Structures are given as C-alpha cells and as structure tokens.
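Accompanying notes for the structure given below.
The values are calculated or read from the model by the stated rules, or taken from the named source; none is laboratory data. None of the values given here were measured: they were computed from a predicted structure. Cβ placement follows ideal geometry from the backbone for every residue including glycine, while neighbour counts extend to all protein chains displayed. Accessible surface areas use protein heavy atoms only, side chains included; no ligands, DNA or RNA. Shrake-Rupley method; radii C 1.70, N 1.55, O 1.52, S 1.80 Å.
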Amino acid sequence: FFFLMIRRPPRSTQSRSSAASDVYKRQGQVSIQLGKNKKLEHTGIRVELIGHIEMVYDKAGSSDFTSMGRELEPTGVLFQDKTYNFSFPKFEKQYESYYGSSVKLRYFLRVTINRNYATKIIKEVDFAVLVPATEPEIKKDIQMEVGIEDCLHIEFEYSKAQYHLKDVVIGKVKFMLVRIKIKYMELCIVKQEKYLTGQANQTQTENETLQKFEVMDGCPNKGDVIPIRLYLAGSDLTPTYTDVSNKFSVKYYLNLVLVDSEDRRYFK
C-alpha cells in the first residue's frame, strides 16, 4: 500500500559526541502510493525511530530503550501519491545491533497510518548500527591444568584471552598422565547468552555450540603435545557484549572436550 525508503545522510550532517556514544543524523523519505485506491482517509501519519530489545522466548521482558517520533501529516485525506521527508537530527547510537537465538537488539523505522474505521497500516524497516571501539589491551595467555586423579592429567595453553572476529586461536595441549583410552579430542566454540526475563527478574542462560573442530584422533601417550590452530573467520561470531541496557550479555568460550572409548566426555 505504501513504500518506505531510507536514505543515508551525507557525512557533513554527522557529528560525533564521544568515542563511546555517537550522535548521528538519520534521515530519509516515506513514499505513499495509493495504487488503485482513489483516496486515503486517515487520522494522522507518523514515523518513529525505535531501539528495541526483544526477548525471543519471553515477550514480557522485551522493551524499547530509545524512541523518537515525527508527525508527517495531520488528519486528512490523500487523493494522490505523496512523499514525505523526515529527519531525526540527534540519533544516539547507544548499542550495536545484535540478532541472537534468544535475544535481539533491533533498530528500526516504523511508519503508521492511523484510520478511524479501518485497521491502522504499519510498516517497519530494520537498519543496522555498528559502534566503533578502541582495541582492548590484550590479556596474557591462558594456562590451566586439569585432570582426573590417577587417570588423566593435561595442561593446555592458549596464546591470549581476547580475539578479533577474524583472528587465529593458537595453543597446545600436553598430556602429563594418560590411563584412560581416549578416542579423540575436539575444540568447540560456545556462545553464551544471558538475559533478564520479565518474570521476577530472573536470569536465563542459553548456550549454543557454534563450531566443533577435531584436533586429535586416537589415544595419546604420556608426554605428547598436541598443537592447536583454529581460524575464527569461518564461525558466525559477534563481539562480546556485557550487560547491555541491564538486559543481556553475550560471551564466547573455548571448550576443550576429550571423549573416551565408552563415549564419556571430559571437558573444560
């Protein structure tokens, strides 16, 4: 019934307020095409820019964290196609867009045509927001010893604890004691989403294994060192997010898994 077009503003209309919170001008056009209808009676046409956190499995926990609106047309009648320009001069990019399995952070434009005796017409168009950040100080390597008393003792090490999305995980696993029959060893990338529900403000946790990589086949001997080189570019990763709008967090883990001859799994 109508067509919505978003036009990116020229760079000269953008202004930066700070490194952590950028303010930009968002502008565009709304085109209403009547088609075969000779006229459109309405009680107002409005455009809104909305930032929304959606809990996929708990709609009661969903909420808007920002909302701005502009009236495009007061009550009246349209007899022909019409195009409206709109502008939100102080759009603050608080958070990045995120589309996860349990939670989504969306930015979208909503156009509403209100009508007296008919269902209102609503059109939504999503757009993405990226928030540039400075490169963090890289933490030291990860080293850990784990095992089962008198059965298994391993040491594993990763070169660092923070990675960019196209980085390479480099590490090694050393077997200090092996008294169980190991079939294989794999390295998994696990994404963890924690979010606050709308019921009694309880926290829910969802874990999703994104990738599995077999790094060893067969049973190792005492003293064996297994090198690890894992390329992250092939995985569907996002940045880590911590306590976004006091609603959700996203973290990633490297999960080292050993499977024995009886299919028992040992992991860290």
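Mind checking the per residue accessible area of the chain for me, 1.4 Å probe, whole number of Å²? Could you put the intermediate results ahead of the total?
Working: 16090 Å² over 268 residues.
Heavy-atom accessible area per residue stands at 60 Å².
Roughly speaking, what is the stretch gain from GLN202 to ASP224, that is 0.36 nm per residue apart minus the C-alpha to C-alpha distance, in nm to one decimal?
Stretched out fully, the GLN202 to ASP224 stretch lengthens by 3.4 nm.
Semi-axes of the equivalent ellipsoid for the stretch 171-264, computed as √(5λ) from the eigenvalues of its C-alpha gyration tensor and ordered from largest down, come to 34, 16, 11 Å. Along the axis of the charge dipole computed for the stretch 16-159 (Cβ charges of +1 for Lys and Arg, -1 for Asp and Glu, origin at the Cα centre), the listed residues THR43, GLY147, SER62 are led at the positive end by THR43.
When the chain is described by a simple charge dipole with +1 on each Lys and Arg Cβ and -1 on each Asp and Glu Cβ, the residue from LEU258, VAL215, SER97 located farthest towards its positive end is SER97.
Could you sort out which of LYS140/LYS212; LYS120/LYS191; LYS93/LYS251; LYS93/LYS191; LYS39/LYS104 sit more than 28 Å apart by Cα distance in this structure? With Cα atoms farther than 28 Å apart: LYS120/LYS191; LYS39/LYS104. Using a 1.4 angstrom probe on heavy atoms only, work out the carbon and sulfur share of the accessible area of the chain in %. Ligands and nucleic acids excluded, carbon and sulfur give 47 percent.
Projected label points at SER235 and ASP64, each 7 Å from Cα along the beta carbon direction, are separated by 3.7 nanometres. On a 29 Å Cα-Cα criterion, which of the cross-link pairs LYS90/LYS166; LYS139/LYS166; LYS90/LYS139; LYS59/LYS123 come out too long? Distance filter (> 29 Å) returns LYS90/LYS166; LYS90/LYS139. A straight line joining the Cα centroids of the stretch 232-268 and the stretch 100-127 runs 33 Å. The mean sequence separation of alpha-carbon pairs under 8 Å and at least six residues apart, normalised by the residue count of the chain, gives a relative contact order of 15 percent.
Would you kindly give the portion of the calculated P(r) for the chain that falls above 35 Å, as a percent of all Cα pairs? Of all Cα-Cα distances in the chain, 41 percent exceed 35 Å.
Expressed in whole Å with the largest first, what are the equivalent ellipsoid semi-axes of the stretch 35-97 derived from the C-alpha gyration tensor as the square root of 5 times each eigenvalue?
31, 16, 10
Pop the C-beta distance of ALA118 and GLN80 into the FRET formula with R0 = 22 Å and round what comes out to the nearest 0.05. Efficiency, rounded to the nearest 0.05: 0.65.
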